[in-house]
1. So for region 65-74 (the condition being within 25 Å of the chain's Cα centre (by Cα) and surrounded by 14 or more Cβ atoms within 10 Å (Cβ to Cβ)), does at least one residue qualify?
2. Name the residue, out of Val238, Val245, that is within 22 Å of Arg187 (Cβ to Cβ), touching a residue at least 40 places away in the same chain (Cβ under 8 Å), hydrophobic (A, V, I, L, M, F, W, C) and open to solvent by less than 10 Å² (accessible area, probe 1.4 Å).
3. Hey, does region 27-39 have a residue that's within 28 Å of Trp317 (Cα to Cα), in contact (Cβ under 8 Å) with a residue 60 or more places away in the chain and open to solvent by 40 Å² or more (accessible area, probe 1.4 Å)?
4. Kindly establish whether Asp292 is open to solvent by 40 Å² or more (accessible area, probe 1.4 Å), modelled with pLDDT of 95 or more, under 20 Å from Lys192 (Cβ atoms) and over 17 Å from the mean Cα position of the chain (by Cα).
5. Among the residues of region 195-209, which ones are touching a strand residue (DSSP E or B) at 6+ places or on another chain (Cβ under 6 Å) and either open to solvent by less than 10 Å² (accessible area, probe 1.4 Å) or hydrophobic (A, V, I, L, M, F, W, C) (or both)?
6. Residue by residue through region 174-194, note down the ones that are open to solvent by 60 Å² or more (accessible area, probe 1.4 Å) and touching a helix residue (DSSP H, G or I) at 6+ places or on another chain (Cβ under 9 Å).
7. Given the criteria over 24 Å from the mean Cα position of the chain (by Cα) and in a helix (DSSP H, G or I), does Arg93 qualify?
8. When you look at Leu267, is it crowded, with 20+ Cβ neighbours inside 10 Å, in a helix (DSSP H, G or I) and modelled with pLDDT of 95 or more, yes or no?
Amino acid sequence: MRISLITDAWAPQTSGVVTTLSRMVQGLEERGHEVQVIHPGLFKTLPCPTYPDIRLAVLPYRKLARLVDQFRPQAVHLPVEGPLGLAGRRFCRKRGFLFTTSITTRFPGYIQMRFHLPASWFYAAMRRFHGPAKKTMIAAPSFMAELRQRGFKNLVYWTRGVELDLFKPRPKTALSGKRPINIYLGRVAVEKNLDAFLSLDLPGSKAIIGDGPALEELTRRYQEVNFLGRKTGLDLAVHLAAADVFVFPSLTDTFGVVLIEAMACGLPVAAFPVTGPLDVVLPGRTGWLDRDLKKAVEKALTMDPEKCRAHALGFSWSRSLDQFEANLARINE
């Protein structure tokens, strides 16, 4: 099958969305599909407001239409509600093509936190974006239930996976610092609620892997924290596995691939009882969920690393790919 993936999230961005999409493209090609990736790097771009390392395509419709027409796809998927997603949606509707979408980011919550505007306004815009899609793919059952209550239709499940040969228990020599080492991995941005973690009085020390628009400010305010910056591949996996507990303070994620990556490394998870952790963590076995994040950290440290790893083994990219393939809609079916 020829598949057009029209995405506003792509390398060099670093996020769970980019990780997932990159792995899907790789897996689809290994299964014999031909995949066209239309991403911001193919267009003139401007920096995203308040998030300058994310580039947004400027007036992409004409070039996008030409590229897709030349490729002659049999399926089109739109994973992000950005300028390219909107252009792809317009293209498909103009051609009478069926298409699929996915909701990978809780944009209304992000916008509410950054600009103090009602999230309900932006959920209405999201309903309009996804409404014409044949199917809209959702990673977490709890998020799917929430979206149904908000009036979203045609929702289907699409789980996530982890590179189990990369993310695995390793010697804890890559990190120095007083034990236990409490670590976070992900974007360093306001929507990740990092103050809830960094302000805690915890035993041991704290470390952050990742970069983002809040990095400079948080580095200045929390000078005792080990900010490791962006890491990828083996370097990332080695440093993640060297910690003792994974602390995930986000209240706005739709799944949290990093949660499975941490558990695959043998790290128990401490998090709030919200979408993502509720769908991934086994409370009392692979981590602890609590509205008191300090209590969650204390309890998580008593969990068995081997049980964390065993649970993560159930999240394979092969299963995720099976679901993605099954969810795709042929443009003329």
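1. Pass one, region 65-74, residues within 25 Å of the chain's Cα centre (by Cα): none.
No, because not a single residue in region 65-74 is within 25 Å of the chain's Cα centre (by Cα) and surrounded by 14 or more Cβ atoms within 10 Å (Cβ to Cβ).
2. Details: Val238 fails: open to solvent by less than 10 Å² (accessible area, probe 1.4 Å).
Criteria check complete, one pass: Val245.
3. There is at least one residue in region 27-39 that is within 28 Å of Trp317 (Cα to Cα), in contact (Cβ under 8 Å) with a residue 60 or more places away in the chain and open to solvent by 40 Å² or more (accessible area, probe 1.4 Å).
4. Values: open to solvent by 40 Å² or more (accessible area, probe 1.4 Å): yes; modelled with pLDDT of 95 or more: yes; under 20 Å from Lys192 (Cβ atoms): yes; over 17 Å from the mean Cα position of the chain (by Cα): yes.
Yes, satisfied.
5. Across region 195-209, the qualifying residues are Phe197, Leu202, Ala207, Ile208, Ile209.
6. Going residue by residue through region 174-194, those that are open to solvent by 60 Å² or more (accessible area, probe 1.4 Å) are 176, 178-179, 190.
The answer is Val190, and nothing else.
7. Details: over 24 Å from the mean Cα position of the chain (by Cα): yes; in a helix (DSSP H, G or I): yes.
Judged against the criteria, Arg93 is a match.
8. Working: crowded, with 20+ Cβ neighbours inside 10 Å: yes; in a helix (DSSP H, G or I): no; modelled with pLDDT of 95 or more: yes.
Answer is no for this residue.
The values are calculated or read from the model by the stated rules, or taken from the named source; none is laboratory data. Just so you know, these numbers come straight off a predicted model, no measurement behind them. Heads up, the Cβs are rebuilt from the backbone with ideal geometry, glycines too, and the neighbour counts pull from every protein chain shown. Remember, those area values only see protein heavy atoms, side chains included, never the ligands or the DNA or RNA. Shrake-Rupley method; radii C 1.70, N 1.55, O 1.52, S 1.80 Å.
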